[in-house]
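The values are calculated or read from the model by the stated rules, or taken from the named source; none is laboratory data. As the structure is a prediction and not an experimental result, all values here were calculated from the model. For neighbour counting, all protein chains shown are included, and Cβ atoms are generated from backbone atoms with ideal geometry for every residue, glycine included. Calculation scope for accessible area: heavy atoms of the full protein, side chains included, ligands and nucleic acids excluded. Shrake-Rupley method; radii C 1.70, N 1.55, O 1.52, S 1.80 Å.
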Amino acid sequence: MQTSGYAATKAGLDESLRRFNHDYFDLVIIHWPTGNDDETYRALEDAYQDGKVRAIGLSNFNASQVQAIIDGATVAPAIDQIETHLLWQQKRMHAYLTSRGMVHESYAPLGENQPGFLDQPVLQKVAARYHRTPAQVTLRFLNQEGIVVIPKTLDPQHMADNLAIFDFTLAPADVRLLESLDKRQAIVGWPATMQEDQY
Ligand SMILES: NC(=O)c1ccc[n+]([C@@H]2O[C@H](COP(=O)([O-])OP(=O)(O)OC[C@H]3O[C@@H](n4cnc5c(N)ncnc54)[C@H](OP(=O)(O)O)[C@@H]3O)[C@@H](O)[C@H]2O)c1
């Protein structure tokens, strides 16, 4: 359910809990900035205080937008979920979020499997060295950087692969190779306010 503003978000959260037949949600985030985010966030804070959500956060908020929420918050945002992958590694946002004690969560960690994304020669070369798939190396790279990843798959084998990334470690030289793929290039291509020259 998508809502915006205090009253609609408060009511929407209660309605979502009712539909799921849950007492609480683990995490609720604002999907993107809309202009009345203070009011929407206040509804999340109230839900947190009432025990209806265990953590609250943001998505697609750039650094100044996150800071505006922090400045008016009584409950600190736990995460910002932003487009992050090999082609747009979000180094500046990562440093900012870390400095605020927030979790940097990556959406589209596999570049939405756009043509050529998993075929990049550098990625293929590193994957071959560890006898892993390019997808696994991509996810492990982000994980090693301290980024939470939420890959999506409908394929049971891919799901198993995506979970099996914690039993190997990329060497610093390979991390540097993968870092060299960063072009600050959005795949999802939205929203413009997330472009690094905007903050
Ligand atoms: N907050 C936001 O604004 C926002 C925006 C976009 C996405 N998201 C969220 O981010 C999550 C993931 O993003 P996404 O689905 O856009 O992109 P993604 O996870 O980067 O890519 C999904 C694609 O990768 C393929 N894939 C998954 N695992 C694979 C593997 N091991 N090997 C090869 N291919 C693999 C999937 O195909 P198969 O099914 O065939 O495996 C699918 O085509 C979703 O939960 C989505 O809701 C949030």
Matching residues in segment 117-138 - criterion: being near the ligand (Cβ under 8 Å from one of its atoms) and aliphatic (A, V, I, L, M): LEU118, ALA135
Set ALA68, ALA47: member being aliphatic (A, V, I, L, M), out of contact with any strand residue (DSSP E or B) (no Cβ under 9 Å at 6 or more places or on another chain) and away from the ligand (no atom under 16 Å from the Cβ): ALA68
Where GLN89 falls short, out of the listed (1) open to solvent by less than 60 Å² (accessible area, probe 1.4 Å); (2) in contact (Cβ under 8 Å) with a residue 40 or more places away in the chain; (3) more than 15 Å from the chain's Cα centre (by Cα): (3)
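Among the residues of segment 105-116, write down those that are touching a residue at least 12 places away in the same chain (Cβ under 8 Å) and either of a type in the set (Lys, Arg) or within 6 Å of the ligand (Cβ to nearest atom) (or both). Don't jump to the end; show me each part of the working.
Of all residues in segment 105-116, those touching a residue at least 12 places away in the same chain (Cβ under 8 Å) come to 105-112, 114.
Answer for segment 105-116, where residues must be touching a residue at least 12 places away in the same chain (Cβ under 8 Å) and either of a type in the set (Lys, Arg) or within 6 Å of the ligand (Cβ to nearest atom) (or both): TYR107, ALA108, PRO109, LEU110, GLY111, GLU112.
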I need the full set of residues from segment 78-95 which are within 14 Å of the ligand (Cβ to nearest atom) and of a type outside the set (S, T, N, Q), in order please. ILE79, ASP80, ILE82, GLU83, HIS85, LEU86, LEU87, TRP88, MET93
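Working only within segment 13-36, note down all residues that are assigned to a loop (DSSP other than H, G, I, E, B) and more than 16 Å from the ligand (Cβ to nearest atom).
Scanning segment 13-36 gives ASN21, HIS22, ASP23, TYR24, GLY35, ASN36.
Please determine whether any residue of segment 148-161 is touching a helix residue (DSSP H, G or I) at 6+ places or on another chain (Cβ under 6 Å), under 24 Å from ILE29 (Cβ atoms) and surrounded by 18 or more Cβ atoms within 10 Å (Cβ to Cβ).
Looking for residues that are touching a helix residue (DSSP H, G or I) at 6+ places or on another chain (Cβ under 6 Å), under 24 Å from ILE29 (Cβ atoms) and surrounded by 18 or more Cβ atoms within 10 Å (Cβ to Cβ), one finds at least one in segment 148-161, hence yes.
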Go through segment 1-12 and give me each residue that's open to solvent by less than 50 Å² (accessible area, probe 1.4 Å) and outside any helix (DSSP H, G or I). GLY5
Got at least one residue in segment 46-58 being modelled with pLDDT of 95 or more, under 16 Å from GLU105 (Cβ atoms) and not hydrophobic (A, V, I, L, M, F, W, C)? yes
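Please list, ordered by residue number, the helices (runs of 4 or more DSSP H) wholly in segment 55-140 having 3 or more residues that are under 21 Å from ALA173 (Cβ atoms).
Per the criteria, 121-130.
For residues that are over 30 Å from ASP71 (Cβ atoms) and touching a strand residue (DSSP E or B) at 6+ places or on another chain (Cβ under 8 Å), scanning just segment 94-147, find the one that is surrounded by the most Cβ atoms within 10 Å (Cβ to Cβ).
Ranking the qualifying residues of segment 94-147, first place goes to THR138.
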